[in-house]
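Worksheet: the structure to be examined is printed underneath.
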Amino acid sequence: MTSQHIIDPPEDGHFRNGGNNQPSPTTLSIDLTINGETHSLDIEPRVTLLDALRERLALTGTKKGCDQGQCGACTVHVDGERVLACLTLAAQVEGRSITTIEGLADADGTLHAVQAAFLEQDAFQCGYCTPGQIMSAVACIREGHAGSDEDIREYMAGNLCRCGAYPHIVAAVRQAARELRS
């Protein structure tokens, strides 16, 4: 029987070659602009945007659900377009503007219209899917897909809610769309 050794990553997350204490040659140095702030990271090329946000930058509002692009819990905006952070490599978005749920509210703490509508319409239960739902709802409205409840449901179909708060989510998107149009 062969024994397996599990190697935990070092504290700083960089595996080292030999004893020279230098980062692995496969480590990339990237700058990510997230919520208007630039963050410099040394990461392996395979690190997803989701893992960079949550594990390297402690921006834990973006959730890890399925890690396969099926649930929408990891939805963020890259240059204003919604993307699934679990399917996007961090290195792919260098030099682009990334917005997470933490960056939606105004600097003074005023909630975005969609965030406020989710609260007013009680559009969440456990709350796990809520950040992804809100990020998709913002894009839904911005892209003009909130004209009817059917349009909203269709556009939001990529975001799953295990608690079944869908009627409240649709009502929140409808309310926010109405408020943002006026």
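No value in this document is a laboratory result; all are computed from the given coordinates. What you see is a predicted model, and the numbers here were worked out from it, not measured in a lab. Because the Cβ atoms are built from the backbone with ideal geometry, glycine has one as well, and the counts that use them run over all protein chains shown.
Given the chain, report the % of alpha carbon pairs whose separation exceeds 19 Å.
Considering the chain, 60 percent of its Cα-Cα pairs are separated by more than 19 Å.
Convert each backbone phi in the range 48-54 into a coupling constant with the Karplus relation 6.51 cos²θ - 1.76 cosθ + 1.60 (shift: θ = phi - 60°), then list the ³J(HN,Hα) values in order as whole Hz, x for Gly and Pro.
7, 4, 4, 5, 4, 4, 6
Relative to the compact globular guide of 2.2 N^0.38 Å, what is the alpha carbon radius of gyration of the range 87-182, as a ratio?
For the range 87-182, the normalised Cα radius of gyration comes out at 1.09.
Looking only at Cys163, Cys71, Cys86, which one moves most when the chain is put into a Gaussian network model with springs between Cα atoms under 10 Å?
Cys163
So what's the back-of-envelope 222 nm ellipticity for the chain, counting only DSSP H runs of four-plus at -39500 (n - 2.57) apiece and dividing by all residues, rounded to 500?
-7500 deg cm²/dmol
Can you put Ser182, Ser148 in order, fewest other beta carbons within 10 Å first?
Ser182, Ser148
If we count other beta carbons within 10 Å of each Cβ, what is the order of Leu59, Leu111, fewest first?
Fewest-to-most ranking of Leu59, Leu111: Leu111, Leu59.
Considering Cα pairs under 8 angstrom that are at least six residues apart, work out the relative contact order of the range 84-158 and quote it in whole percent.
Across the range 84-158, relative contact order equals 21 percent.
Quick one: which residues, 5+ away or cross-chain, put their amide H under 5 Å from the amide H of Leu89? H built at 1.01 Å from N.
Leu49
Near Ala172, within a Cβ-to-Cβ distance under 12 Å, what is the net charge of the other residues, with Lys and Arg +1 and Asp and Glu -1?
-2
Go ahead and set up a Gaussian network model of the chain, Cα springs under 10 Å, then flag whichever of Gln68, Gln115, Gln133 fluctuates most.
Among Gln68, Gln115, Gln133, the largest GNM mean-square fluctuation belongs to Gln68.
Taking H placed 1.01 Å from N in the peptide plane, check which residues at least 5 places from Thr33 or on another chain put their amide H under 5 Å from its amide H.
Residues meeting the amide H criterion: His39, Gly95, Arg96, Ile98.
Would you mind computing Rg(Cα) / (2.2 N^0.38 Å) for the range 28-103, counting N as its residues?
For the range 28-103, the normalised Cα radius of gyration comes out at 0.96.
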